[in-house]
Protein chains: 2
Amino acid sequence: MDYALGIDIGGTNTVFGLVDRNGNVLAKKSIFTMSQNPVQELLDRLFFDVSVLESELNDEVKLAGIGIGVPNGNYHTGMINPNPPNLGTYWDSLDLVNTIKDYRDLPVIVTNDANAAAIGEMYFGAAKRIRDFVVITLGTGLGSGIVVNGNVLYGHDGSAGELGHIVIEKNGRMCKCGKSGCLEMYVSSKGLDLTVKEFKARYPDDTFLYNLPDKKVDGKEMDDAFDRGEERAREIYNYIGGILGIGLAQAATILSPEAFIFYGGISNAGDRLLKPALASMNENLLSQQKGKITLKLSGVPDGEAGILGATSLIWDNVRD
Amino acid sequence: MDYALGIDIGGTNTVFGLVDRNGNVLAKKSIFTMSQNPVQELLDRLFFDVSVLESELNDEVKLAGIGIGVPNGNYHTGMINPNPPNLGTYWDSLDLVNTIKDYRDLPVIVTNDANAAAIGEMYFGAAKRIRDFVVITLGTGLGSGIVVNGNVLYGHDGSAGELGHIVIEKNGRMCKCGKSGCLEMYVSSKGLDLTVKEFKARYPDDTFLYNLPDKKVDGKEMDDAFDRGEERAREIYNYIGGILGIGLAQAATILSPEAFIFYGGISNAGDRLLKPALASMNENLLSQQKGKITLKLSGVPDGEAGILGATSLIWDNVRD
C-alpha cells in the first residue's frame with residue numbers, strides 16, 4: 001500500500017506521520033525540533049523513527065513521497081527563506097528538499113507550515129466547504145496559510161502569508177525579524193511569555209502572576225486560571241485577543257475570507273481567546289464585513305492538519 | 001461591429017468609453033460624478049453622452065454589454081457595498097446593475113473600480129506578464145485591485161482589496177468609514193489636502209504653503225514646487241510616500257506581489273512619491289522580500305485602465 005510521509009516542523013516540536021491517500025494517519029510521532037542544533041541531528045532522529053514506524057506496520061510500506069511543512073518553507077524553491085525567526089541559524093536559507101533526499105531519495109515537497117495546515121483543513125478539516133479562508137497556526141510564532149478561491153496563496157516568490165509579521169504596534173515589542181510590533185510578538189507562545197512578563201511588572205503583588213514561570217508559560221495553566229475566574233488570566237486573554245482581532249481585521253480588509261481557522265499552541269484556549277478576538281475584529285472591520293467572518297478551531301484531530309496537508313501536496317503532485 | 005461600454009466611476013470624475021474586443025477605445029468622455037446628487041442625475045447625463053458618441057461613430061454600433069468599475073462595487077452582488085466613503089448617500093447599498101438596466105437592457109457587470117483597473121493593466125498595461133500584483137488607484141480615496149496567480153481576488157463576499165482601509169496610524173486621522181488612521185486618509189487627494197493643512201499649521205510663515213488652497217490641492221502644482229526645490233513640497237511627498245510604503249509593506253507581507261502599479265490622481269507625481277514609498281516599503285519588509293517588489297506607474301494611456309478593465313469583464317463573461 002502507498003503512503004506518504006508528512007512532516008510538520010515547528011519551532012519547538014516536530015510531528016510526522018505515515019498517511020494514506022484518504023487522509024488516514026497510520027502511524028505518527030512527535031519529537032523535539034531542537035532547532036539550534038545542526039539540521040541533520042533532527043533528521044537522523046526523525047528518519048530512524050520513521051524506519052521503526054514502517055517496520056511496525058503490517059502492510060508492506062511503499063513511500064510515494066515526503067511532504068514537509070516548516071516555518072519559512074518556500075514552496076517554489078524548496079528552501080527555507082532567509083532569517084527564519086523561529087528556527088536556529090542552521091536552518092537559514094537551507095536547501096531542505098536536497099537535504100531530505102540524502103535520507104530518502106523520493107519526491108520531496110516543501111511548504112510553509114501554515115500552508116500545509118491550510119491544505120489539511122481544506123481536505124479533511126474545518127474548511128471542507130470553504131473556498132476563501134486563512135489558517136492561523138499559533139505555536140512558538142504565528143504563521144498563516146491563506147486560501148483564495150480554493151488555492152493556496154503563495155505570492156510571486158512563494159513567501160506570501162506572513163501574517164505574523166504585519167505590524168500591529170508601532171514601536172512595539174522587538175521581533176527577531178528586525179521589525180517592531182509584529183503580530184506574533186503578541187499572539188503566540190513567545191507573545192504569551194512577554195505579556196505575562198509585562199503583567200508581572202504591572203502587578204508585582206499578584207500571587208497568580210508571581211507563581212507563573214518567566215518562560216514557556218503553560219497555556220493549560222492559563223486556561224485553568226481563566227476558568228476559575230482569575231482576573232489577571234482573563235485580562236491577559238482579553239489583551240492578546242484584542243490584538244489578534246486587530247490583526248485579523250487588517251488581513252480581512254485585504255482578503256475578505258469567510259473564516260479564520262486556528263490551529264496549535266494557544267489556540268487550545270478556544271473561546272477564552274477567540275471571543276475577545278472576534279469582538280475586536282468586528283470593531284475594526286469595515287461595516288460591510290462586520291459579523292460576516294467566523295473564527296473557528298481546527299477541524300482535524302490532535303494537531304494532524306500539518307502532516308495531512310503536507311502529504312496532500314504529495315498526492316496532488318506525484319503520480320503513481 | 002461589437003463594442004462594450006466601460007464606465008469608471010470615481011469620487012470626482014466618471015470616465016466612460018466604447019471599447020472593442022482588442023482594447024481599442026473608439027470614443028470616450030469624462031464628466032463630473034457629483035455623487036451627492038441622485039444617481040439617476042449622473043446616469044441621465046452619461047447615457048445621453050453615450051448616445052451622442054454612438055451616433056458619431058461610422059460603424060453601426062452594437063453594444064455587447066456594460067462593464068462598470070465603481071468604489072465599493074461588489075462583483076458578486078452587482079451592488080454598492082454599504083457606506084461607501086467616497087460616494088454620496090444615494091449610492092449606499094444601491095442595486096447598480098438593475099439601475100443601469102433601466103437605461104439599457106444589456107448584460108451589466110459591476111466591480112470595484114480598482115479591480116477594473118487591475119484587469120485593464122493585466123490585459124493591456126503594466127501587468128501584461130505579471131501574475132501576482134496589486135493595482136492602487138489614487139483618486140479621491142485609495143482603492144486596490146489585487147491579482148493572485150492571474151485572477152482578481154474577490155474574497156468570499158466580493159469585498160476584498162480594501163487596502164485604503166488598513167490602519168496605518170493608530171488614533172490617526174478620522175476616516176468616513178468609521179475607523180481612524182486608514183491608509184487613504186494619508187495617500188489620496190483628500191489625504192494630500194489634510195497633509196497640507198497640517199503642514200500649514202506647523203509652518204505658519206511658509207509662503208509656499210500659505211498660497212496653497214485649503215481644499216483640492218492641485219497635484220500638478222505640488223509637482224512643480226517639488227521640481228523647483230521647494231523644501232515643504234519635498235517634505236510633503238516624503239511624508240506621504242513614507243506612509244504609503246508602510247501600507248505597501250503590510251500588504252506585501254500578506255500577499256507577496258511582484259509589483260504594485262499606481263493609477264490616477266496623485267500617482268502622476270511619479271518618482272516624487274514612489275521613490276520615498278519604495279524606500280519605506282523596503283525598510284518595512286521581511287528580509288526575504290526586500291528589494292524584490294517593484295513599484296510602477298500604470299501602463300495604460302491617459303487613465304484608460306478602468307474602462308478597459310470594465311469592458312474586459314464583458315468580453316470574458318458574455319458570449320456573442
* **Qualifying positions in the range A:168-186 - open to solvent by 40 Å² or more (accessible area, probe 1.4 Å) and either among the hydrophobic types (A, V, I, L, M, F, W, C) or within 19 Å of B:K292 (Cβ to Cβ) (or both)** => A:M174, A:G178
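Does A:A114 qualify as being closer than 16 Å to A:F16 by Cα, in contact (Cβ under 8 Å) with a residue 40 or more places away in the chain and either aliphatic (A, V, I, L, M) or open to solvent by less than 60 Å² (accessible area, probe 1.4 Å) (or both)?
Details: closer than 16 Å to A:F16 by Cα: yes; in contact (Cβ under 8 Å) with a residue 40 or more places away in the chain: yes; either aliphatic (A, V, I, L, M) or open to solvent by less than 60 Å² (accessible area, probe 1.4 Å) (or both): yes.
When the stated conditions are applied, A:A114 passes them.
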* Structure fact -> Of the residues in the range A:10-40, those that are hydroxyl-bearing (S, T, Y) and in contact with a strand residue (DSSP E or B) (Cβ under 6 Å, 6 or more places away or on another chain) come to A:T14, A:S30, A:T33
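What residue, of B:D44, B:D59, B:D8, is within 27 Å of B:E121 (Cβ to Cβ) and among the acidic types (D, E)? First the steps, then the outcome.
Working: B:D44 fails: within 27 Å of B:E121 (Cβ to Cβ); B:D59 fails: within 27 Å of B:E121 (Cβ to Cβ).
Within the list B:D44, B:D59, B:D8, the selection yields B:D8.
Anything in the range A:141-167 that is of a type outside the set (A, V, I, L, M, F, W, C) and either more than 25 Å from A:G299 (Cα to Cα) or surrounded by fewer than 24 Cβ atoms within 10 Å (Cβ to Cβ) (or both)? List them, or say none. Working first, answer last.
Here is the first cut: in the range A:141-167, the ones of a type outside the set (A, V, I, L, M, F, W, C) are A:141, A:143-145, A:149-151, A:154-159, A:161-162, A:164-165.
A:N149, A:G150, A:N151, A:Y154, A:G155, A:H156, A:D157, A:G158, A:S159, A:H165 - these are the residues of the range A:141-167 that are of a type outside the set (A, V, I, L, M, F, W, C) and either more than 25 Å from A:G299 (Cα to Cα) or surrounded by fewer than 24 Cβ atoms within 10 Å (Cβ to Cβ) (or both).
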* Does B:G23 satisfy being modelled with pLDDT under 95 and either closer than 27 Å to A:L286 by Cα or out of contact with any Lys or Arg (no Cβ under 7 Å at 6 or more places or on another chain) (or both)? -> yes
* To do: Only residues in the range A:133-144 that are of a type in the set (S, T, N, Q) count as the first member; pair them with residues that are open to solvent by less than 10 Å² (accessible area, probe 1.4 Å) and assigned to a strand (DSSP E or B), Cβ under 6 angstrom, at least 6 apart or cross-chain, and list the lot.
  => A:S144/A:V134; A:S144/A:I136
* Taking A:I100 as meeting all but one of (1) in a helix (DSSP H, G or I); (2) in contact with a Ser or Thr (Cβ under 8 Å, 6 or more places away or on another chain), write down the number of the exception. => (2)
* To do: Please go through the range B:270-320 and pick out each residue that is exposed (fewer than 15 other Cβ atoms within 10 Å of the Cβ), within 17 Å of the chain's Cα centre (by Cα) and at pLDDT 95 or above.
  => B:G270
* To do: Among the residues of the range B:238-255, write down those that are facing another protein chain (nearest Cβ under 8 Å), open to solvent by 10 Å² or more (accessible area, probe 1.4 Å) and of a type in the set (G, A, S).
  => none
* Within the range A:55-78, can you find the residues that are over 14 Å from A:G158 (Cα atoms) and either in a loop (DSSP other than H, G, I, E, B) or open to solvent by 70 Å² or more (accessible area, probe 1.4 Å) (or both)? -> A:S55, A:E56, A:L57, A:N58, A:D59, A:E60, A:V61, A:K62
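Which residues, taken from the range A:25-52, are of a type outside the set (A, V, I, L, M) and open to solvent by less than 50 Å² (accessible area, probe 1.4 Å)? Give the steps one after another, and end with the answer.
To start, the set of residues in the range A:25-52 that are of a type outside the set (A, V, I, L, M) comprises A:28-30, A:32-33, A:35-38, A:40-41, A:44-45, A:47-49, A:51.
Of everything in the range A:25-52, those that are of a type outside the set (A, V, I, L, M) and open to solvent by less than 50 Å² (accessible area, probe 1.4 Å) turn out to be A:T33, A:S35, A:N37, A:F47, A:D49.
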* To do: Please indicate, with yes or no, whether at least one residue in the range A:207-230 is within 14 Å of chain B (Cβ to nearest Cβ), open to solvent by less than 60 Å² (accessible area, probe 1.4 Å) and touching a residue at least 24 places away in the same chain (Cβ under 8 Å).
  => no
* Test: B:T195 is over 16 Å from the mean Cα position of the chain (by Cα), away from every other protein chain (no Cβ under 14 Å) and either touching a residue at least 60 places away in the same chain (Cβ under 8 Å) or open to solvent by less than 20 Å² (accessible area, probe 1.4 Å) (or both) -> yes
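Could we say that A:P38 is under 30 Å from B:S256 (Cα atoms) and touching an Asp or Glu at 6+ places or on another chain (Cβ under 8 Å) here? Walk me through it before giving the result.
Values: under 30 Å from B:S256 (Cα atoms): yes; touching an Asp or Glu at 6+ places or on another chain (Cβ under 8 Å): no.
Taking the combined requirement at face value, the residue does not satisfy it.
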* **Residue within the range A:79-88 that is within 24 Å of A:Y3 (Cα to Cα) and either surrounded by 22 or more Cβ atoms within 10 Å (Cβ to Cβ) or among the hydrophobic types (A, V, I, L, M, F, W, C) (or both) present** => yes
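Look at B:E258 and say whether it is within 9 Å of chain A (Cβ to nearest Cβ) and surrounded by fewer than 24 Cβ atoms within 10 Å (Cβ to Cβ).
When the stated conditions are applied, B:E258 passes them.
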* Looking only at the range B:1-54, and only at residues there that are closer than 18 Å to B:V97 by Cβ and in a strand (DSSP E or B), the one that is farthest from the chain's Cα centre (by Cα) -> B:A4
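Please report, ordered by residue number, the strands (runs of 3 or more DSSP E) entirely within the range A:104-183 with at least 1 residues that are over 30 Å from A:V196 (Cβ atoms) and more than 10 Å from every other protein chain (Cβ to nearest Cβ).
Values: elements: A:108-112, A:133-138, A:142-148.
Of the strands (runs of 3 or more DSSP E) lying wholly inside the range A:104-183, those with at least 1 residues that are over 30 Å from A:V196 (Cβ atoms) and more than 10 Å from every other protein chain (Cβ to nearest Cβ) span A:108-112, A:142-148.
Report yes if A:L285 is within 12 Å of chain B (Cβ to nearest Cβ) and in a helix (DSSP H, G or I), otherwise no. Talk me through it step by step, then tell me what you get.
Details: within 12 Å of chain B (Cβ to nearest Cβ): yes; in a helix (DSSP H, G or I): no.
Here the answer is no, as A:L285 does not meet what is asked.
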* Identity of the residue in the range A:125-136, modelled with pLDDT under 95 and surrounded by fewer than 22 Cβ atoms within 10 Å (Cβ to Cβ), that ends up nearest to the chain's Cα centre (by Cα) -> A:K128
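The values are calculated or read from the model by the stated rules, or taken from the named source; none is laboratory data. Because the structure is predicted, anything quoted here is derived from the model rather than measured. Because the Cβ atoms are built from the backbone with ideal geometry, glycine has one as well, and the counts that use them run over all protein chains shown. Remember, those area values only see protein heavy atoms, side chains included, never the ligands or the DNA or RNA. Shrake-Rupley method; radii C 1.70, N 1.55, O 1.52, S 1.80 Å.
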